[in-house]
1. Please specify each residue of the stretch 82-96 satisfying the condition of being over 13 Å from the mean Cα position of the chain (by Cα), surrounded by fewer than 15 Cβ atoms within 10 Å (Cβ to Cβ) and over 13 Å from residue 29 (Cα atoms).
2. Anything in the stretch 45-81 that is assigned to a helix (DSSP H, G or I) and either at pLDDT 80 or above or surrounded by 16 or more Cβ atoms within 10 Å (Cβ to Cβ) (or both)? List them, or say none.
3. Would you point out which residue out of 38, 26, 34 is at pLDDT 80 or above and in a strand (DSSP E or B)?
4. List every residue pair whose Cβ atoms sit under 6 Å apart, with the two residues 6 or more apart in sequence or on different chains, where the first one lies in the stretch 1-21 and is at pLDDT below 85 and the second, anywhere, is surrounded by fewer than 16 Cβ atoms within 10 Å (Cβ to Cβ) and assigned to a loop (DSSP other than H, G, I, E, B).
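The values are calculated or read from the model by the stated rules, or taken from the named source; none is laboratory data. These figures come from a predicted structure and were not determined experimentally. As a convention, Cβ positions derive from the backbone with ideal geometry for all residues, glycine included, and neighbour counts pool all protein chains shown.
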């Protein structure tokens, strides 16, 4: 008989930082077993006047899309606040989106790094 394992709820975490600061973020993710991360390069379209008004430096960004366990989000956000200073203006932003459905166990394993026995 096959073992039944508990499947924990997941969230999609989006983290946006200035271009080049992503190396530190990737290092953090690897050290905390955040196994599935996609890096995209973003470029804003706001005018320089708008960037000055909002207190933003650059319009080019590193955008990370990761999957994390929902129960780990408060701990991850607290550590990102401390290590990446995301609580300070212009340092970046992180937010999550709940994942309500994933198409099968193989997809779940790929997104979490979970190894089936």
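1. Scanning the stretch 82-96 gives 82, 85, 87, 88, 89, 90.
2. Result: 70, 71, 72, 73, 74, 75, 76, 77, 78, 79, 80, 81.
3. Matching residue, one of 38, 26, 34: 38.
4. The qualifying pairs are 18/58.
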